[in-house]
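Note sheet for the following structure.
The values are calculated or read from the model by the stated rules, or taken from the named source; none is laboratory data. Just so you know, these numbers come straight off a predicted model, no measurement behind them. Positions of Cβ are generated from backbone atoms using ideal geometry, with glycine treated the same way; all protein chains shown enter the neighbour counts.
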Amino acid sequence: MAREAYGDDLVTSVRNIQNITYNDLQESPMADYFLGMGHQLHTSFLKSLEVVAARIPAQSMQSFMPMKVAAFEAPDINTAYVSTAQFLFQGSDLDIDAVSLASYSFDHSGRYIMHSPFANVDTIENLEASESIPFPTGEKLEFGEGYAFDYGRMMPIEGNNQSLPFKVRDGNLSLNNPQSIKIFANFINMCNKLGYVPKPNHPIYENVANKLLKIVNEHNAYINDDSAEDFSKNYVVSSMYKIGLSPANLIESQQAMDSITGPIKDIANSTLKATVTSQDNPGSFITNIHGIA
């Protein structure tokens, strides 16, 4: 559908746009925008299903449980239903316990807000890979010597079907798959740890090295973006979610609360000092623990 077919009148334009078919969209100059936006919104919706359920009062790893939304309802009050397993893991006893659900921030279009201008949210795999990009430091780097980096791996090679880590051409990055995003993330991480961008060791690499220097500094300066508060929150909540799912933490996070705190309480209660402090301040878990000493 040609642009002039939309009509000059606003009402006519909206009506014509509503009648656009999928085939029309594919042939339209706006196809990439609409299809790309659709992919990003779908990925963002999948990400929005993740929440971190934080129990108050908090005690150990079980107090922060990664959860996923399984269904929706439309009540007149703010209600959330959680798995009954939470009672076992968190030791909830329905007195003053409360659960707070930490979720993510999205922009006015519904897209997930990430901490780098080079992050990719076209697919959930690209989003997850983009989370490996280091958090922006706000520091401006310069070229430095001391570490020899092979910039040849970053050079775009025309007609070569070999898979390259990521390409830099005309100052733009080609980050359209998880592998390229992770290698880009490793490059930024390397530069930030070194405190400089490695100086190219051959004139042929100066152009691509200059572009990478600009890109690294653009990423680090993103901490000053207006969305910094939102993407900082997303970075923290997503990190908490992944910590709860990490195999290294599953043994503790999936044990019943009493199986961890119970033995400590028993030891504390067996001491004379703990008995006295418990009588002075009954029910206080903190005084019982101090009683071990």
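Key figures for this structure:
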read-out	value
Every residue from the range 39-69 that is at pLDDT 90 or above and outside any strand (DSSP E or B)	His39, Gln40, Leu41, His42, Thr43, Ser44, Phe45, Leu46, Lys47, Ser48, Leu49, Val69
Residue count for the range 92-130, restricted to those that are within 15 Å of Gln40 (Cα to Cα) and among the charged types (D, E, K, R)	5
Number of the exception - Gln86 against (1) over 25 Å from His39 (Cα atoms); (2) modelled with pLDDT of 75 or more; (3) in a loop (DSSP other than H, G, I, E, B); (4) not β-branched (Val, Ile, Thr)	(3)
Criterion violated by Asn189 - all others in (1) surrounded by fewer than 14 Cβ atoms within 10 Å (Cβ to Cβ); (2) in contact with a Ser or Thr (Cβ under 9 Å, 6 or more places away or on another chain); (3) not assigned by TED's automatic domain parsing to the domain that holds Glu142 satisfied	(3)
Check on Glu139, outside the structural domain of Asn249 (by TED's automatic domain parsing), at pLDDT below 95, charged (D, E, K, R) and surrounded by fewer than 16 Cβ atoms within 10 Å (Cβ to Cβ)	no
Criterion violated by Ala274 - all others in (1) modelled with pLDDT of 65 or more; (2) not in a loop (DSSP other than H, G, I, E, B) satisfied	(1)
The range 90-121, residues that are touching a residue at least 60 places away in the same chain (Cβ under 8 Å) and more than 14 Å from the chain's Cα centre (by Cα)	Gln90, Gly91, Asp107, Ser109, Gly110
Residue satisfying all of: in the range 103-136; surrounded by fewer than 18 Cβ atoms within 10 Å (Cβ to Cβ) and polar (S, T, N, Q); nearest to Gly36 (Cα to Cα) among these	Thr123
Any hit, the range 69-83, residues being within 20 Å of Lys233 (Cα to Cα) and out of contact with any strand residue (DSSP E or B) (no Cβ under 6 Å at 6 or more places or on another chain)	yes
Residues located in the range 207-238, provided they are without any contact (Cβ under 8 Å) to a residue 40 or more places away in the chain and within 18 Å of Val51 (Cβ to Cβ)	Val236
Answer from Asn220, Asn201 - the residue that is outside the structural domain of Gln90 (by TED's automatic domain parsing), modelled with pLDDT of 65 or more and either within 32 Å of the chain's Cα centre (by Cα) or among the acidic types (Asp, Glu) (or both)	Asn220
